[in-house]
Each structure stands twice: as C-alpha cells, then as structure tokens.
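See structure below.
The values are calculated or read from the model by the stated rules, or taken from the named source; none is laboratory data. Everything numeric here is computed off the predicted structure, so don't read it as measured data. Neighbour counts run over all protein chains shown; Cβ positions are idealised from the backbone, glycine included. Just the protein is used for accessible areas: all its heavy atoms, side chains included, with ligands, DNA and RNA removed. Shrake-Rupley method; radii C 1.70, N 1.55, O 1.52, S 1.80 Å.
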Amino acid sequence: DSLGGLQATGQNRPLIQYTSENASEVDLERIIKALDLHPLNRIAVNSTYSLLGLVANLGGWSIIPATNLWCAASFKDKLSFSELPGGRQVRRTIWAIGDKLLYARRTLEAGKLAREAVRSEIIPQVAELAPEVAESIKVLQD
C-alpha cells in the first residue's frame, strides 16, 4: 500500500523476476532503481506462468506488466494485486515487425490482430482476476 511497505516486502520476500533475456526485466530494473528498492533475494524465470506460480507458492513478489496477468487464473486465490506506489505508470510498446518488401501488409495485419486480441481476449481475462488491473490496460493506437 505504500513505498515503505514495498521496501519492507523486498527485504523479507524473494523478488521473482524474468531472466535478463526478457524486455520486462529491463523495465523492472528501472522501476527498482526509481523506487530505491533493494531486494534481498531474487529468483529469475523464463515465463510469466512460472513467475506467477512462484509468487503464489513462495510468498514472493514481482512487478510485471498488467497484460501479463492473463495467465494468472491458476493462482488467483493466492495472489493479490496493487498499483506501484506513487501512481507510477509504465507504457509498454509492442511492435509487429516484418520484411518491408515481402510482408509489409502482413505485418500491419499482425499488429491489428494483436491489438484486437488485447481488447477481446487479454483484457477480459485480466478483468476476471482483478478488474482494477484490467482498467489500467489501454491500447493507445489503432
């Protein structure tokens, strides 16, 4: 509920985070520095499912993008969600990239389909777990 509470949690519970190959890990490190957090223990995993499972079963904590919570259903009874202290918000840009000459039209279509999937699939699934989290997910471009 507060920065002090988050700092205390970081000293008493393991931080479950993505491996360094994951773009979310870069965002996490920026947030940790900005909030002056000093996690005592860290456990790195490759998938959101593993991350959420370890948070739920080890009493750990994490900071992840709201859109990643769509796969938390198996652990919903063991998880709680909260905004970052101070109302910090992170904008996450996701790109569809393809060969300019061969696949330009397909790349644009992939981007459109991804935006539609966030609206029609991911946001409703997150809303079942934590409506307040789902409300924070915005698709900024059409």
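Figures for the structure shown
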{"item": "Accessible area of region 5-118 belonging to carbon and sulfur atoms, whole % at 1.4 Å probe", "result": "52 percent"}
{"item": "Cut-off of 10 Å, at most 13 other beta carbons, DSSP loop: longest stretch of the chain lacking such GluC sites (Glu not before Pro)", "result": "22-82"}
{"item": "For region 28-85, accessible area per residue (1.4 Å probe, heavy atoms of protein chains only), Å²", "result": "57 Å²"}
{"item": "Using a Förster distance of 35 Å, the FRET efficiency for Asn57-Asp36 (Cβ separation, nearest 0.05)", "result": "0.80"}
{"item": "Note, ³J(HN,Hα) from phi for region 26-43, Karplus 6.51, -1.76, 1.60, rounded to Hz, x at Gly and Pro", "result": "5, 4, 4, 4, 4, 5, 4, 5, 5, 8, 6, 8, 10, x, 6, 10, 10, 10"}
{"item": "Rg(Cα) / (2.2 N^0.38 Å) computed for region 1-140, rounded to two decimals", "result": "1.14"}
{"item": "Residues with amide H under 5 Å from that of Tyr18, placed H, sequence gap 5 or more", "result": "Val45"}
{"item": "Charge dipole magnitude, Cβ of K and R +1, D and E -1 - the chain, Cα centre, debye nearest 20", "result": "300 debye"}
{"item": "Karplus 3J(HN,Hα) series, Hz, for region 50-62 with 6.51 cos²θ - 1.76 cosθ + 1.60 (x for Gly, Pro)", "result": "5, 4, 5, x, 6, 4, 5, 9, 10, x, x, 8, 7"}
{"item": "Backbone HN-Hα couplings from phi across region 11-19 [Karplus 6.51/-1.76/1.60, Hz, Gly and Pro as x]", "result": "8, 10, 10, x, 7, 9, 9, 6, 5"}
